Amino acid sequence: MMKDIFEKSNKIVIKIGSSTITSSDGSIDRNFIDNLAKQVKALVEQGKRVVLVSSGARIAGVSTIGKWSRKEDINYKQALCAIGQVELMDSYRKIFNEYDIHIAQILLTREDFESEARTLNIRNTLFTLLDEGVLPIINENDTVCVEEIKIGDNDVLAAKATALWSGDLLILLSDIEGIYDKNPMSNDDAKLIEVVNNPEELEKNISIGEKSSFGTGGIATKIKAAKIVNKYGTSLIVAKGKEEDIILKLSEGKGKGTLFQAK
Ligand code: ADP
């Protein structure tokens, strides 16, 4: 089923969660980015268009400046994002360049999705970049967003960006193989749910535990993202980002994940 969906999908959005982009010490995981670049290159060579949505700016900020990790004040959080965003993009740029892929940064806020003129501009920029073979990397513009006007988490940002671009498939790379009936970090007998046809129904039937220490949204926002894109006929897959070649494995019908199948 996953194989069919990949074959039919020409426009793919891949969202990288904070716990996937960082190593256990909080630094940027360059091996992960390298493997991601290799997979994006393979998808592009198959004729697919790819957009990335990447988290991790705040953690990258902490590991760059070496302080403020426990500061909860919004101005410090935003300062960390401003520091870390550069660091993050620097890693993406260096590594993707080795695969002959140029990258571009797009920072968005909730208001950008609410204005027709802005969505048109974003769409035009995305199409231009992709037509010219450049890989867009989207993140929330944390510096200008106070809590009240934030999209809040990149699962929902990725879903909105997928809808805006009319993407065919959204892949959320997390630190977990997919959605389980209960939190697998605290339950050995948790079972992976492989296919979801009704996200509303799923929400009622599983128990959602704590998110990971670096994570922001947890499982609830992944289900929210699925509801957004499924409405547009777009499927969503949750899979484990750190598993080598996970996207290519999924595209060949191998590899574990949870598929939220659009009707
Ligand atoms: P990301 O940074 O990729 O967005 P999060 O940390 O926000 O990841 O969410 C993934 C985490 O959600 C997992 O590490 C897992 O511990 C936790 N979790 C809680 N309940 C569940 C569940 N029912 N199925 C899968 N993961 C769950």
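Read-outs throughout are calculated quantities, based only on the coordinates presented, and are distinct from any laboratory measurement. Keep in mind the model is a prediction, meaning the values are calculated, not measured. Glycine also receives a Cβ, built like all others from the backbone with ideal geometry; neighbour counts cover every protein chain displayed.
A few points about this structure:
- Label-to-label distance, nm, for residues given as ASP90 and GLN46 (7 Å Cα→Cβ offset): 3.4 nm
- The shape of the chain comes out rounded: with a ≥ b ≥ c from the C-alpha gyration tensor, a/c is under 1.5.
- In this simple spin-label approximation, GLU72 and THR143 carry label points 7 Å from Cα along the Cα→Cβ vector, and these lie 2.7 nm apart.
- Coarse-grained scattering of region 1-138 at q = 0.15, 0.18, 0.19, 0.20 Å⁻¹, given as base-10 log I(q)/I(0) from a Debye sum over alpha-carbon atoms: -0.82, -1.09, -1.17, -1.23
- Ordering of 15-22, 81-88, 125-132 by burial proxy (mean other Cβ atoms within 10 Å per residue, highest first): 15-22, 81-88, 125-132
- Fluctuation leader among ARG70, ARG118, ARG58 - the chain, Gaussian network, Cα springs under 10 angstrom: ARG70
- This model, with +1 at the C-beta of Lys and Arg and -1 at the C-beta of Asp and Glu, gives region 8-49 a dipole about its Cα centre of some 400 debye.
- Dividing the summed -39500 (n - 2.57) terms of all DSSP H runs of n ≥ 4 by the residue count of the chain sets its mean residue ellipticity at 222 nm at -14000 deg cm²/dmol.
- Alpha carbon convex hull of region 56-133, projected area averaged over orientations, nm²: 6.3 nm²
- LEU192 sits among other residues whose Cβ lies under 10 Å from its own Cβ, and their net charge, with Lys and Arg +1 and Asp and Glu -1, is -1.
- Once you reduce region 44-91 and region 1-39 to the center of their Cα atoms, the two points are 16 Å from each other.
- Long-range HN-HN contacts of TYR180 with modeled amide H, under 5 Å: ILE193
- Chain lengthening between ASN31 and ASP4 when straightened (0.36 nm per residue, less Cα-Cα): 6.8 nm
- Taking 0.36 nm per residue of sequence separation and removing the Cα-Cα distance, the ILE65/GLU111 pair yields an extension gain of 13.6 nm.
- Rounded to 5, the percent of DSSP beta bridges in the chain classed as antiparallel: 15 percent
- Rounded to the nearest 20 debye, dipole of region 112-151 from Cβ charges on Lys, Arg, Asp, Glu: 140 debye
- If you take all other residues with their beta carbon under 12 Å from the beta carbon of LYS8, and give Lys and Arg +1 and Asp and Glu -1, the sum is 0.
- Using the alpha-carbon positions of region 85-189, Rg (one decimal) and Dmax (whole number) come out as 16.2, 50 Å.
- Fully extended contour minus Cα-Cα distance, from ASP188 to GLU203, at 0.36 nm per residue: 3.4 nm
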